[in-house]
Each structure stands twice: as structure tokens, then as C-alpha cells.
1. Scan region 10-64 for residues that are of a type in the set (S, T, N, Q), more than 24 Å from THR132 (Cβ to Cβ) and in contact with a strand residue (DSSP E or B) (Cβ under 6 Å, 6 or more places away or on another chain) and jot them down.
2. Name the residue that is modelled with the lowest pLDDT, counting only residues in region 1-56 that are over 22 Å from VAL138 (Cβ atoms) and polar (S, T, N, Q).
3. Take region 1-21 and flag every residue that is more than 14 Å from LYS76 (Cα to Cα) and either of a type in the set (A, V, I, L, M) or under 16 Å from the mean Cα position of the chain (by Cα) (or both).
4. Can you tell me which residue in region 175-192 is modelled with the lowest pLDDT, limited to those that are under 30 Å from ILE96 (Cα atoms) and assigned to a loop (DSSP other than H, G, I, E, B)?
5. Just to be sure before I move on: is LEU25 part of a strand (DSSP E or B) and among the hydrophobic types (A, V, I, L, M, F, W, C) in the structure I sent?
6. Residues to consider are GLY27, GLY79, GLY88; find the one that is touching a residue at least 60 places away in the same chain (Cβ under 8 Å) and either over 21 Å from HIS120 (Cα atoms) or not hydroxyl-bearing (Ser, Thr, Tyr) (or both).
7. Filter region 28-42 down to residues that are over 19 Å from TYR60 (Cβ atoms) and part of a strand (DSSP E or B) and give me whichever is nearest to the chain's Cα centre (by Cα).
8. How do the pairs read when you match residues in region 53-76 that are farther than 19 Å from VAL35 by Cα with residues anywhere that are part of a loop (DSSP other than H, G, I, E, B) and among the hydroxyl-bearing types (Ser, Thr, Tyr), using Cβ under 7 Å and keeping only pairs 6 or more apart or on different chains?
Amino acid sequence: MSLAVVYSRAQEGVSAPLVTCEVHLSGGLPSTSIVGLPETAVREARDRVRAAILNCQLEYPQRKITVGLAPADLPKDGGRFDLPIAVGILAANGSIPRERLDKFEFLGELALSGELRAVHGVLPAVLRAARTGRSVIVPRQNAAEAALASTADVRSAGSLLEVCAHLCGREELPRVERGAPMAPARHAPDLSE
């Protein structure tokens, strides 16, 4: 079966609802479609993900790819779904073991080179994921924010290749240390009054 299910979180205030990313490969002309109320940045993920997978020297399937982001009535925005979509495509293609996916949630935007970029709203997503018992894989730039969730198992990665190596059991991603210092705010307003 060419179906993979990957978990992520939407950005909706502090609630961070669960988003199930289902990737199905089927016959037909090669194409990629993303369904489930994606906004423009999410629809553009198909091009970012394809380029990232190819630039990482991984196999991008030459088949019809359907990506479903459920629940369908929840708006999805930003680049936060790039990593789960890429992982889903690679798992559906057999490059990543599917049985490991249910233990993780993924957040991260992909550069065309396959490097991971930071996304907004990581802390609420990590806090909600901790309640489910899943580990969360986030971009390295989001590690300090994710470390504020002391009960969560958070791993940070710098690229899609590092995530693949972790899921395949070749190399473990570093666990985010609790209490990692956050970058100081520049020119913070004086709130003393």
C-alpha cells in the first residue's frame, strides 16, 4: 500500500490542533496535489518539498501524489507542513519505515536545499504533542522555544537528511535540552511603567 500518515500541528492561537497529513501514491501522470483547505504557502509546499527531496539526493516518486491535510475544514497556513509532507512522501515511497511515524509529530519549513527553517508557534504545538506522548521534531532554530515545554520529548534537526537518518535508525537526533537559553530580544520596549 502506498499510503503514509504523518502528524503535525496547525497554528491556531494557543490550541495548536492536530493535523493528520495523509500521503497517497497512485498511478497516473506524475503530479502533486494538496487538499484540506491549504492556503497559498501550503499549496506552494509541493514545489519546495520536491526540490528539497531531489537536492538531498533522495528519490521523488514519479507518480500521482495526493496529500490530504485533515481535518479538511481547518485552515492551514505557513510553511510548517513542509517537513511532514516530505516525510509522508518518502514513507509512502518506502524510503522511510512507516511504522515509526506514529511516534512523532513534525514541524518545519524546508529550504530548496533540504535545510530546515524555523516556523512560528512551536511552543503550543510541543505542549499539545506532549499530552499525546509523541516526540516532536522541530528545526534547530526553534529548539530554544521548544525547550520551554519541560514535559515534552523534543528533537531538533538541521535538514531533511538528518530527519531521515533518525527515522531509519542510522543516526539519532539530539534531544533538546531543558532550559536552553533563548536569544535576547533586541530593542525590547520598556514596560516598567
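The values are calculated or read from the model by the stated rules, or taken from the named source; none is laboratory data. From a predicted model like this one, the values you see are computed outputs, not experimental measurements. Cβ coordinates were reconstructed from backbone atoms using ideal geometry, including for glycine residues, and neighbour counts include every protein chain displayed.
1. Scanning region 10-64 gives SER26, SER31, THR32, SER33.
2. SER2
3. The answer is MET1, LEU3, ALA4, VAL5, VAL6, VAL14.
4. Across region 175-192, the extreme among qualifying residues is ARG178.
5. yes
6. GLY88
7. PRO38
8. From residues that are farther than 19 Å from VAL35 by Cα, the pairs are ILE53/TYR60; LEU54/TYR60; ASN55/SER113; LEU58/SER95; GLU59/SER95.
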